[in-house]
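A.B. asks: Submitted below is the structure of interest, expressed as structure tokens.
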Amino acid sequence: MATLTGLDTTTQVTSDVAAELIENGYSFVGRYYSRTTKIAGKKLTGAEAVIICNAGLQLVAVYEDGPTSYSYFSADRGTADAQGAIAQAASVGQPNGSAIYFTVDYDAAASEIAGEITNYFQAVRDAIGGQFIVGVYGSGATCQAILTAGLAELAWLSCSTAWSGSKTFANWAIKQGNPETIFGLNADPDQAIDDFGAFVVA
């Protein structure tokens with residue numbers, strides 16, 4: 001499987017950093033949508049999207065407020081997150097038919113995945129309504145269950161290899177590496193297959 005090199009980051013990408021990424025063989029940058037984050041620079045803006053794409057990089061969108069425990073997830077939250085993601089995608093010019101990944105950023109138990117996490121992704125899928133491809137980020141067990149249920153089409157495997165099912169999960173579109181600083185960015189390195197839902201803006 002041919003793979004592309006990229007990263008995801010909570011740090012705003014400048015034109016200088018984007019140029020460095022291209023010069024060093026990077027193909028894509030993962031950036032965030034969120035309704036409630038307090039982290040400065042975490043949310044992708046339209047101006048930043050233009051900078052990244054004008055440098056020759058692709059973008060991949062990931063929605064995350066703070067889903068680090070089971071209490072986060074419900075059908076109502078899935079609807080609200082999907083609606084927020086759609087609005088932010090419109091604001092940055094993300095084209096229809098590309099992907100938005102929704103995160104389960106902890107080692108969810110099988111009963112939790114089958115419970116409110118599934119309800120969350122069902123609501124996300126219903127709200128997205130085919131406008132965007134739904135992706136799931138999380139453990140191997142989470143990714144496999146949501147893919148198998150038909151509630152996501154693409155999976156982004158977390159770097160946390162000790163999480164359930166992660167060491168054996170191979171059906172990923174994006175695979176995350178351990179956090180590091182990359183050209184000043186607070187980032188995780190990533191590998192991706194050719195069709196992982198990335199996009200460019202005009």
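Please treat every number below as a calculation from the coordinates, not as lab data. Being a predicted model, the structure only gives us computed values, none of them experimental. Positions of Cβ are generated from backbone atoms using ideal geometry, with glycine treated the same way; all protein chains shown enter the neighbour counts.
A.B. asks: In this structure, does V62 turn out to be part of a strand (DSSP E or B) and either among the β-branched types (V, I, T) or over 16 Å from the mean Cα position of the chain (by Cα) (or both)?
C.D. replies: Here the answer is yes, as V62 does meet what is asked.
A.B. asks: Report every pair of residues separated by at least 6 positions or lying on different chains whose Cβ atoms are under 6 Å apart, first residue within the range 133-155 and without any contact (Cβ under 8 Å) to a residue 24 or more places away in the chain, second surrounded by fewer than 24 Cβ atoms within 10 Å (Cβ to Cβ) and assigned to a helix (DSSP H, G or I).
C.D. replies: From residues that are without any contact (Cβ under 8 Å) to a residue 24 or more places away in the chain, the pairs are A155/L147.
A.B. asks: Sticking with this structure for a sec: Could you count how many residues in the range 121-142 are under 20 Å from A109 (Cβ atoms) and in a strand (DSSP E or B)?
C.D. replies: Summing the residues that are under 20 Å from A109 (Cβ atoms) and in a strand (DSSP E or B) in the range 121-142 gives 3.
A.B. asks: Moving to a separate point now. Would you tally the residues in the range 154-183 being in contact with a helix residue (DSSP H, G or I) (Cβ under 8 Å, 6 or more places away or on another chain) and polar (S, T, N, Q)?
C.D. replies: Matching residues across the range 154-183 total 4.
A.B. asks: So, in the range 153-163, exactly how many residues are aliphatic (A, V, I, L, M) and out of contact with any Cys (no Cβ under 8 Å at 6 or more places or on another chain)?
C.D. replies: So the answer is 2.
A.B. asks: Conditions first: (1) under 16 Å from A61 (Cβ atoms); (2) under 16 Å from the mean Cα position of the chain (by Cα); (3) touching a residue at least 60 places away in the same chain (Cβ under 8 Å). N186 passes all but one, so which condition is the exception?
C.D. replies: (1)
A.B. asks: Right, here's the next one. Answer with yes or no whether D76 is assigned to a loop (DSSP other than H, G, I, E, B) and acidic (D, E).
C.D. replies: Considered against the rule, which asks whether it is assigned to a loop (DSSP other than H, G, I, E, B) and acidic (D, E), D76 comes out as no.
A.B. asks: Something else: Could you grab me the full set of residues in the range 1-31 that are free of Cβ contacts under 8 Å to residues at least 60 places away in the same chain and either buried (at least 21 other Cβ atoms within 10 Å of the Cβ) or among the β-branched types (V, I, T) (or both)?
C.D. replies: Scanning the range 1-31 gives T14, A18, I22, Y26, V29, R31.
Yes/no per residue for (1) β-branched (V, I, T); (2) assigned to a helix (DSSP H, G or I); (3) under 22 Å from A155 (Cβ atoms):
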| position | (1), (2), (3) |
| --- | --- |
| A2 | no, no, yes |
| L7 | no, no, yes |
| V13 | yes, no, no |
| R35 | no, no, no |
| S71 | no, yes, no |
| A87 | no, yes, no |
| I113 | yes, yes, yes |
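A.B. asks: All but one of (1) hydrophobic (A, V, I, L, M, F, W, C); (2) more than 30 Å from N24 (Cα to Cα); (3) without any contact (Cβ under 8 Å) to a residue 40 or more places away in the chain hold for I52; which doesn't?
C.D. replies: (2)
A.B. asks: What is the residue count in the range 13-39 for residues that are under 25 Å from Y72 (Cβ atoms) and either among the acidic types (D, E) or in contact with an Asp or Glu (Cβ under 9 Å, 6 or more places away or on another chain) (or both)?
C.D. replies: Final tally of qualifying residues: 8.
A.B. asks: Output the residues belonging to the range 131-141 that are among the polar types (S, T, N, Q) and touching a Ser or Thr at 6+ places or on another chain (Cβ under 8 Å).
C.D. replies: S139
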